[in-house]
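K.L.:
My questions will all concern the structure given below.
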Amino acid sequence: MTVIDIHCHTAGIGAGDSGCFISPKLRRSWKYPIYLKSFGVTNTELEREGDCLVLRRLSERLAASSRVQAAVVLAMDGVVDSRGILDRERTEMYIPNDFLARECRQHPNLLFGASVNPLRPDALERLDAAAAAGAVLVKWLPSIQGTDPADRRLVPYYRRLAELGLPLLTHTGLEESFTRADNTLADPARLRLPLEEGVTVIAAHCATSGRSHGEENLARLLPLFAEFPSLYADISALTQVNRLGHLPRVLQHREIHGRLLYGTDMPLPATGLTSPWFHLFRLGPVEARRLAAIGNPWDQDVELKLALGMPEEILFRTARVLKIDQHQKHS
Ligand SMILES: [Zn+2]
């Protein structure tokens, strides 16, 4: 059975005419060299070989994993202005669908996760194009893209997603990877609208961080699982140092085990934000040492999560929810 990482990022600076874009502010930030390093590339290499290098490195590293066979790599649409045009001033990172779809076709183990800001005037056509280009889901970062999932103007967009059978993977809880974010938009209660419109919704990071309206975000997500069978959550990033204890906290809720999907939030686990040593108290020194010795970041992530109590079945669910048969993609 195929194990798919549902949450994997790429990066790009626009090299090789990729159309990718990183804001000067993020590029100057201390996070930038750490991100590049975690992707196993340098700025010079990127400029020489193009942004496709990041995907090649991801694909190679993933191919070396004995646990995970494929990953959904996520495009990232930007902020749009009042006319619906990409606002480069307010966009920190932009990874266009066209570029990513093309690159994912080159690598059998990378699946195309599209991103379409619903406030674009041609959002529905963009969804159609993404589906035609082989997208397996659509990713949103509302707190960065400035979109409110509860906005009723988005109903036609949701209906199109449902028609196309494209799940919506959307960030829930605090967002800390960029230089600014509007965290009120990541309140899981705002997902009621797409769920009512029949969309399969995947709450990224299972809303384990932050609070909305005086209540923990996770507590606001939990009741929706009982109400909507098409709601899922990914467990990406839940072992990071800024999220210690989050995975066990989610796993306490046995009634949602059947809705959890395996994901990593790569390359963040490879930035030093995740280490078995951060979980020493739960794992004990022998187990922490065994896990720390695993070199492949995907293998280490799987083993760490299993050691922290993740039921093995969670690994195999993504392929079913995304209706992907690995053999199908490339036959
Ligand atoms: Zn992410």
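K.L.:
Mind checking which pairs have a first residue in segment 80-99 that is in a helix (DSSP H, G or I) and a second that is loosely packed, with under 13 Cβ neighbours inside 10 Å and among the charged types (D, E, K, R), Cβ under 9 Å, 6 or more apart or different chains?
P.N.:
Phe99/Asp17
K.L.:
How about segment 1-18: which of its residues are more than 15 Å from the ligand (Cβ to nearest atom) and either crowded, with 18+ Cβ neighbours inside 10 Å or modelled with pLDDT of 95 or more (or both)?
P.N.:
Within segment 1-18, Val3, Ile4, Gly12, Ile13, Ala15, Ser18 qualify.
K.L.:
Is at least one residue of segment 68-79 surrounded by fewer than 22 Cβ atoms within 10 Å (Cβ to Cβ) and free of Cβ contacts under 8 Å to residues at least 60 places away in the same chain?
P.N.:
Restricting attention to segment 68-79, the residues satisfying the condition of being surrounded by fewer than 22 Cβ atoms within 10 Å (Cβ to Cβ) are 69, 79.
Narrowing the set further to residues that are free of Cβ contacts under 8 Å to residues at least 60 places away in the same chain leaves none.
No, every residue in segment 68-79 fails to be surrounded by fewer than 22 Cβ atoms within 10 Å (Cβ to Cβ) and free of Cβ contacts under 8 Å to residues at least 60 places away in the same chain.
K.L.:
I need the helices (runs of 4 or more DSSP H) fully contained in segment 108-210, keeping only those with at least 2 residues that are surrounded by fewer than 21 Cβ atoms within 10 Å (Cβ to Cβ). Break it down stepwise before answering.
P.N.:
Numbers: elements: 123-132, 142-145, 155-164, 192-196.
In segment 108-210, the matching helices (runs of 4 or more DSSP H) lie at 123-132, 155-164, 192-196.
K.L.:
Every residue in segment 211-244 that is free of Cβ contacts under 8 Å to residues at least 12 places away in the same chain and either outside any strand (DSSP E or B) or within 16 Å of the ligand (Cβ to nearest atom) (or both), please.
P.N.:
Of everything in segment 211-244, those that are free of Cβ contacts under 8 Å to residues at least 12 places away in the same chain and either outside any strand (DSSP E or B) or within 16 Å of the ligand (Cβ to nearest atom) (or both) turn out to be Gly214, Ala219, Pro223, Pro229.
K.L.:
For segment 251-304, how many residues are in a helix (DSSP H, G or I) and away from the ligand (no atom under 16 Å from the Cβ)?
P.N.:
28
K.L.:
Same structure, new question: One residue is enough: does segment 229-244 have a residue meeting the conditions surrounded by 19 or more Cβ atoms within 10 Å (Cβ to Cβ) and farther than 15 Å from His7 by Cβ?
P.N.:
Taking every residue of segment 229-244 in turn, at least one turns out to be surrounded by 19 or more Cβ atoms within 10 Å (Cβ to Cβ) and farther than 15 Å from His7 by Cβ.
K.L.:
Could you list, in sequence order, the residues of segment 291-312 that are free of Cβ contacts under 8 Å to residues at least 12 places away in the same chain and either more than 15 Å from Asp5 (Cα to Cα) or not hydrophobic (A, V, I, L, M, F, W, C) (or both)?
P.N.:
Ala293, Ile294, Gly295, Glu312
The values are calculated or read from the model by the stated rules, or taken from the named source; none is laboratory data. As the structure is a prediction and not an experimental result, all values here were calculated from the model. Reconstructed Cβ throughout: ideal geometry from the backbone, glycine too, with neighbour counts over all protein chains shown.
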